[in-house]
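A quick write-up on the structure given underneath.
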Amino acid sequence: MKTNTIDAVQDQFETFQILSEDGEVVNEAAMPELSDEQLQELMRRMVYTRIWDQRAISLNRQGRLGFYAPVAGQEASMLGTQFALDKEDWILPGYRDIPQLVFHGLPLYKAFLYSRGHFEGGQIPEGVNVLMPQIIIGAQIIQAAGFGLGLKKKGKKNVAITYTGDGGASQGDFYEGLNFAGAYKANAIFVVQNNRFAISVPVEKQSAAKTIAQKAVAAGIEGIQVDGMDVLAVYAATQQARERAVNGEGPTLIETLTYRYGPHTMAGDDPTRYRTKELDDEWTKKDPLVRFRKFLEGKKLWSEEQENKVVDQAKEDIKEAIKKADGAAKQKVTDLIGFMFEELPYNLKEQMEEYKAKESK
């Protein structure tokens, strides 16, 4: 018998939005309770991150940074989710999610050292509740499910939030993690930043599902699709997901519809090979900074002078952070070997002695 079950499910996942592309409020009932100062801080963070991203790309091209995944276009998705967290919540990031870590407390110079592959970039300061970025696509989903269950078993009123892209939602770990977290009502939030192309494959070719958010249904958890260029909608959706989790109502899958304006990473990706100029132009009109700027200007909460101060501060902070990263001790092979085990196995003991001799010359 023919049914339309799939359509019935998919049609329930309409995109949640608060601000239009012109910065107008289109969903007054969903407006989060944020003070003027908090709204300004959200804008400050997005502007700061855009400047940081531009500078990081330049530093990468100069050979002064290592691995880097551009974030321009995804600021609302990244920072709107992090802004809804408590300091005691835990972030389990993917490799693009460095801004969330820094605004959760990771020093900027350590983010630069991480990019360079320096071990000090992975030494998290006490009291900063983040893990280092996961390089294996989707593996952080499994980790967040377990982490969220651990928080629940300890009676913590906190959550573990993790991020992946639309490509990550095609991995087996994604489905296993959601299923496990749903079965045990883990204190977890799963954010899929759907920037449409993963590395280069259009989302329509990755899955027959109309939305990624609807995949929550099979795991028995809440799912929502959000306009990822609308920082207020992202914040509100994350805040609600966090409340559900800490109240014992289980995890949430949040799909943010967003767009990365740059390449997938600076490691040779050329987005012009799989994206059209027309599509780039379409998403440029949805720029999260432009949208939120219009909203704040309409409320007399933002000005060109304020923005210029943020730009100058970002440039100064980046200059100081790079200087501090440059001052880190040169990494040695013996450092890497020594960090691997509490007690070295025999083969590494041999290598340790070999490299100690080389490094002493």
Item to check | Whichever aspartates and glutamates have a C-alpha closer than 18 Å to that of residue 154, once near sequence neighbours (fewer than 8 apart) are set aside | outcome: 86, 88, 89, 243, 249
Next on the checklist: Please give the Cα centre distance for the stretch 284-361 versus the stretch 225-269, rounded to the nearest Å.
Outcome noted: 23 Å
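Please tell me which of these pairs span more than 32 angstrom C-alpha to C-alpha: 110/356; 185/319; 185/332; 210/315; 87/323? Spell out each step's value before the answer.
Details: 110/356 26 Å; 185/319 44 Å; 185/332 44 Å; 210/315 41 Å; 87/323 28 Å.
In this structure, 185/319; 185/332; 210/315 lie more than 32 Å apart at Cα.
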Next on the checklist: Can you give me the angle between helix 346-359 and the longest principal axis of the chain, using Cα atoms only, in degrees from 0 to 90, rounded to the nearest 10?
Outcome noted: 70 degrees
Checklist entry - residue 165's amide H: which non-local residues (gap 5+, or another chain) put their own amide H closer than 5 Å, with H modeled 1.01 Å from N in plane and none for Pro or chain starts? => result 193
Item to check | Gained length - residue 336 relative to residue 25, 0.36 nm times residue gap less alpha-carbon distance | outcome: 106.7 nm
Next on the checklist: Per-residue counts of other Cβ atoms within 10 Å, averaged by peptide: what ranking do you get for 325-338, 225-238, highest first?
Outcome noted: 225-238, 325-338
Next on the checklist: For the pair residue 265/residue 304, report the inter-label distance in nm, with labels modelled 7 Å from Cα in the Cβ direction.
Outcome noted: 4.0 nm
Checklist entry - Of all trypsin sites (Lys or Arg not before Pro) in the stretch 102-186, which ones are in loop regions per DSSP and have a Cβ with at most 16 other Cβ atoms within 10 Å? => result 154, 156, 157
Checklist entry - Based solely on its DSSP helices, what 222 nm [θ] is calculated for the chain when runs of n ≥ 4 H residues each add -39,500 (n - 2.57) and the sum is averaged over all residues, nearest 500 deg cm²/dmol? => result -14500 deg cm²/dmol
Item to check | Modelled FRET efficiency - R0 25 Å, residue 355 with residue 316, Cβ distances, 0.05 increments | outcome: 0.05
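Bear in mind that the values in this text are calculations on the coordinates, not laboratory data. Keep in mind that what you see is a predicted model, and the values were worked out from it rather than measured. We place every Cβ from the backbone using ideal geometry, glycine too, and count neighbours over all the protein chains shown.
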